[in-house]
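Student: Quick one: structure below, then a few questions.
The values are calculated or read from the model by the stated rules, or taken from the named source; none is laboratory data. Because the structure is predicted, anything quoted here is derived from the model rather than measured. Heads up, the Cβs are rebuilt from the backbone with ideal geometry, glycines too, and the neighbour counts pull from every protein chain shown. Heavy atoms of the whole protein, side chains included, go into the accessibility calculation; ligands, DNA and RNA do not. Shrake-Rupley method; radii C 1.70, N 1.55, O 1.52, S 1.80 Å.
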Amino acid sequence: MGTVRRITYGTDRLSDWQKRPLSISVAWGTEGAADRLPDSVSVELGDGSIIKAGVIWDTSSLDVFTAGTYPLNGALIPPYDYRNTYGISAEAEISVDEKPVPQISWNPVSVPINISELVIPVPQSNSPGVFRYEVGDEGVAIVQNGRIIPVSEGVTELTAIQEATSNFSSGSLTVSLTVTKSQRELLLDKIRDYQESGGTSPGLVERDLRILGMSGTDGLDLGLLNSVVAAADRIDSEADLQELIDLIQSGSDSDGDGVPDYVEILESTDKMDSWDYLDSDGDGVPDHVEAAQGTDAQDGSSYLDSNGDGTPDYIRDRSIIGLAEEAPSISVAWGTEGAADRLPDSVSVELGDGSIIKAGVIWDTSGLDVFTAGTYPLNGALIPPYDYRNTYGIAAEAFVTVGTKPAPTDIRLSNTIIPATPTDGEVFIGRIEIEDEVDDTIGLSLPDDNPDNAYFTIRQDSLFFLASESQDGQDRFEPTIRAIDSQENVLDKQFSLFRLSGSVISPASDDPDGLRIVNSFSPNGDGINDVWLIEGLDKFLFSEVQVFDRGGRRVFLSRDPEIGWDGGHDGQMLPTGTYYYVLKIEDREQLRKGFINLIKK
């Protein structure tokens, strides 16, 4: 078995890169720089042979965020059959470059003297560092909050300084800063020189002539030139001049008011606002249009009126003269709130010039009553787009048809048990509830054609029993309650009511079998009368008690005389009402029936 004797940096049998310590260079901040070193090196064994041994490099001293040369050692890992008895280490060097300087590019800056400030154009850089700026001569310009404030005409230096970041050092670049005359003044100076020289001044160069749309010095358009000079106060830059010339040559009218854009610039009106134009006589017609039509722009009664309706053609052409579609018609259910919201919010209208546009509508719903069936004609105020008018007061039209109201769908009575009562007076039975989705104006009454109605009266929404009118021994009543809604729709419903004669039918001394049977109970958990139980059944060999609801469903069964009914069925409490019991006593071959009133107080 061989032992590593040394690394063969000086052995002639090794290639050049194996004859000296390894050395690599990396950029500043390069993560995983040591990964570029080899994971094995050639080593010499004691017997003179050369083999490859793996290396684990120790990078604990390497800092890729600090420039310099870092010597590294590596633990040799010889193949399985060999050893590193002498503790030989691999060696390497890593050189970390200096932190990079940002690459900044920037153009010279020029600012006219007539502007209040100029936002400094941000230089281009491969570093995200923040820039700050310094000016050489504050007599020419000053810098505040990233803006240049011109002071006087002249040239100075403007320096952009970029702050260092985690990956870049600081850097700077200086360019020239020139404060010039205003572009308007420069151009107008050239134009005036050209005029004064009769077209021979060299001040107006070919570039400027092209801006003015001129082909050469002899082809100068003096009318155009005069228009430009007249607009001098509104030309702040070469771009403004270019815009004005383009507008004059194109004849464009951005707001469609019949006044060319360049005229609006010369007249100091807004070329994007169709209501803003020069109208010296106040007749609504622009002076420029009157000049074209041959009317007097200084006389409010002088304008073109082709149809003699007293409205200038200019205004009529831009005004609504009629509706261009049939009146919309909708149908809604009775009581529909916000029914008019279903009408369109715009309609097609015709203008005086024959064109069709859409105009908004605000519908007048003051005459619409959604609680009364019928067809309602509605008018709507037209809201034309901004550039148009409703000079003639045209109104939109629509129809809303309100359907008939459906009758109430149900009548509910909160209680159908008449408690044991005195022989006279009124006894409250329960609250009357009407099911009607769209109407809460309901009248209640007791129709005369039902004889049982004579024993009852209605006060507001409550039913009362007239004890003084009832017959002795009558314990079942079937009154009819009538509901009449606001549209005279009628709903009748008959109810079955049971009158209690007392809380106990008879004590044991009066019952032939010695039983005590209660005919009402209130399972509300108060510990009083919560369970219905027939007392006295324990003396019979066999008894069976069943309870049924009014639909015939059995809700209770017991053959144990000690178990009573708690008012529930299948784990659910049953509602207030009348239930029926059947008692079977085999000792007597007897079958008894009766009713029970379940009351929830």
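Student: Mind checking which pairs have a first residue in the stretch 400-422 that is farther than 25 Å from PHE465 by Cα and a second that is surrounded by 14 or more Cβ atoms within 10 Å (Cβ to Cβ) and at pLDDT below 80, Cβ under 8 Å, 6 or more apart or different chains?
Tutor: LYS405/VAL438; LYS405/ASP439; PRO406/VAL438
Student: Among (1) over 58 Å from the mean Cα position of the chain (by Cα); (2) small (Gly, Ala, Ser); (3) open to solvent by 70 Å² or more (accessible area, probe 1.4 Å), which single condition is GLY564 missing?
Tutor: Looking at each condition in turn, GLY564 falls short on (3).
Student: What number of residues within the stretch 143-163 are surrounded by 15 or more Cβ atoms within 10 Å (Cβ to Cβ) and on the phi > 0 side of the Ramachandran plot?
Tutor: Qualifying residue count for the region: 1.
Student: Then there's this: Quickly run through the stretch 525-536 and pick out the residues that are closer than 15 Å to GLY594 by Cβ and either at pLDDT below 90 or open to solvent by 30 Å² or more (accessible area, probe 1.4 Å) (or both).
Tutor: Selection gives LEU533, GLU535, GLY536.
Student: Give the stretch 575-589 a look and list any residue that's farther than 19 Å from ARG550 by Cβ and open to solvent by less than 50 Å² (accessible area, probe 1.4 Å), or say none.
Tutor: Hit for the stretch 575-589 is ILE585, nothing else.
Student: If I ask for residues that are among the hydroxyl-bearing types (Ser, Thr, Tyr), open to solvent by 60 Å² or more (accessible area, probe 1.4 Å) and farther than 18 Å from VAL119 by Cα, which ones from the stretch 164-179 would you list?
Tutor: SER166, SER170, SER172 - these are the residues of the stretch 164-179 that are among the hydroxyl-bearing types (Ser, Thr, Tyr), open to solvent by 60 Å² or more (accessible area, probe 1.4 Å) and farther than 18 Å from VAL119 by Cα.
Student: Which number in (1) of a type outside the set (Asp, Glu); (2) touching a Leu at 6+ places or on another chain (Cβ under 9 Å); (3) open to solvent by 40 Å² or more (accessible area, probe 1.4 Å) marks the one condition that PRO312 misses?
Tutor: (3)
Student: Restricting attention to the stretch 292-314, which residues are among the aliphatic types (A, V, I, L, M) and out of contact with any Asp or Glu (no Cβ under 9 Å at 6 or more places or on another chain)?
Tutor: If the condition is that a residue be among the aliphatic types (A, V, I, L, M) and out of contact with any Asp or Glu (no Cβ under 9 Å at 6 or more places or on another chain), then ALA292 is the only one that fits.
Student: Under 6 Å between Cβ atoms, which residue pairs at least 6 apart in sequence (or on different chains) link something in the stretch 369-395 that is over 15 Å from LEU323 (Cα atoms) with a partner that is open to solvent by 60 Å² or more (accessible area, probe 1.4 Å) and not hydrophobic (A, V, I, L, M, F, W, C)?
Tutor: From residues that are over 15 Å from LEU323 (Cα atoms), the pairs are ALA373/THR404.
Student: A further question on this structure: Could you tell me which residue of the stretch 483-500 is farthest from THR578 (Cα to Cα), considering only residues that are among the charged types (D, E, K, R), touching a strand residue (DSSP E or B) at 6+ places or on another chain (Cβ under 7 Å) and surrounded by fewer than 18 Cβ atoms within 10 Å (Cβ to Cβ)?
Tutor: Among residues in the stretch 483-500 that are among the charged types (D, E, K, R), touching a strand residue (DSSP E or B) at 6+ places or on another chain (Cβ under 7 Å) and surrounded by fewer than 18 Cβ atoms within 10 Å (Cβ to Cβ), the one farthest from THR578 (Cα to Cα) is ASP492.
Student: I would also like to ask the following. How many residues does the stretch 295-329 hold that are under 30 Å from ASP345 (Cα atoms) and either in contact with a His (Cβ under 9 Å, 6 or more places away or on another chain) or hydrophobic (A, V, I, L, M, F, W, C) (or both)?
Tutor: The total comes to 6.
Student: Shifting gears a bit: Just give me the residues in the stretch 537-561 being among the acidic types (Asp, Glu), outside any loop (DSSP other than H, G, I, E, B) and open to solvent by 60 Å² or more (accessible area, probe 1.4 Å), in sequence order.
Tutor: ASP538
Student: All but one of (1) open to solvent by 50 Å² or more (accessible area, probe 1.4 Å); (2) part of a loop (DSSP other than H, G, I, E, B) hold for GLY129, so report the exception by its number.
Tutor: Of (1) open to solvent by 50 Å² or more (accessible area, probe 1.4 Å); (2) part of a loop (DSSP other than H, G, I, E, B), only one is false for GLY129: (1).
Student: Restricting to the stretch 330-375, name every residue that is under 30 Å from ILE442 (Cβ atoms), in contact with a strand residue (DSSP E or B) (Cβ under 8 Å, 6 or more places away or on another chain), open to solvent by less than 50 Å² (accessible area, probe 1.4 Å) and not aliphatic (A, V, I, L, M).
Tutor: Result: TRP334, THR336, GLY374.
Condition check ((1) over 27 Å from ASP369 (Cα atoms); (2) modelled with pLDDT of 90 or more; (3) not hydroxyl-bearing (Ser, Thr, Tyr)) across all residues:
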| site | (1), (2), (3) |
| --- | --- |
| THR441 | no, no, no |
| SER462 | yes, no, no |
| SER468 | yes, no, no |
| LEU491 | no, yes, yes |
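Student: Also, quick follow-up: Determine which single condition VAL289 fails, assuming it passes every other condition in (1) outside any loop (DSSP other than H, G, I, E, B); (2) in contact (Cβ under 8 Å) with a residue 12 or more places away in the chain; (3) of a type in the set (A, V, I, L, M); (4) open to solvent by 20 Å² or more (accessible area, probe 1.4 Å).
Tutor: (4)
Student: Being open to solvent by 60 Å² or more (accessible area, probe 1.4 Å) and out of contact with any Ser or Thr (no Cβ under 7 Å at 6 or more places or on another chain): is that true of ALA327 here?
Tutor: So ALA327 does not fit the description; no.
Student: Taking VAL400 as meeting all but one of (1) surrounded by fewer than 17 Cβ atoms within 10 Å (Cβ to Cβ); (2) closer than 16 Å to ASP341 by Cβ, write down the number of the exception.
Tutor: (1)
Student: Moving to a separate point now. Quick one: ALA407 ticks every box in (1) surrounded by 15 or more Cβ atoms within 10 Å (Cβ to Cβ); (2) of a type in the set (Gly, Ala, Ser); (3) more than 30 Å from LEU497 (Cα to Cα) bar one, so which box is it?
Tutor: Of everything listed in (1) surrounded by 15 or more Cβ atoms within 10 Å (Cβ to Cβ); (2) of a type in the set (Gly, Ala, Ser); (3) more than 30 Å from LEU497 (Cα to Cα), ALA407 misses just condition (3).
Student: I'm told LEU382 meets every condition in (1) outside any loop (DSSP other than H, G, I, E, B); (2) in contact with a strand residue (DSSP E or B) (Cβ under 6 Å, 6 or more places away or on another chain); (3) modelled with pLDDT under 90 except one. Can you identify the failing condition by its number?
Tutor: (3)
Student: Here is a further query. Looking only at the stretch 25-64, how many residues end up being part of a loop (DSSP other than H, G, I, E, B), β-branched (Val, Ile, Thr) and open to solvent by 40 Å² or more (accessible area, probe 1.4 Å)?
Tutor: Of the residues in that region, 1 qualify.
Student: Hey, another quick one. Please find, within the stretch 410-423, the residue that is most open to solvent (accessible area, probe 1.4 Å) out of those that are touching an Asp or Glu at 6+ places or on another chain (Cβ under 9 Å) and modelled with pLDDT under 80.
Tutor: The extreme case among them is THR423.
Student: Can you tell me which residue is modelled with the highest pLDDT among those in the stretch 113-152 that are among the hydroxyl-bearing types (Ser, Thr, Tyr) and farther than 19 Å from THR178 by Cβ?
Tutor: The residue in question is SER125.
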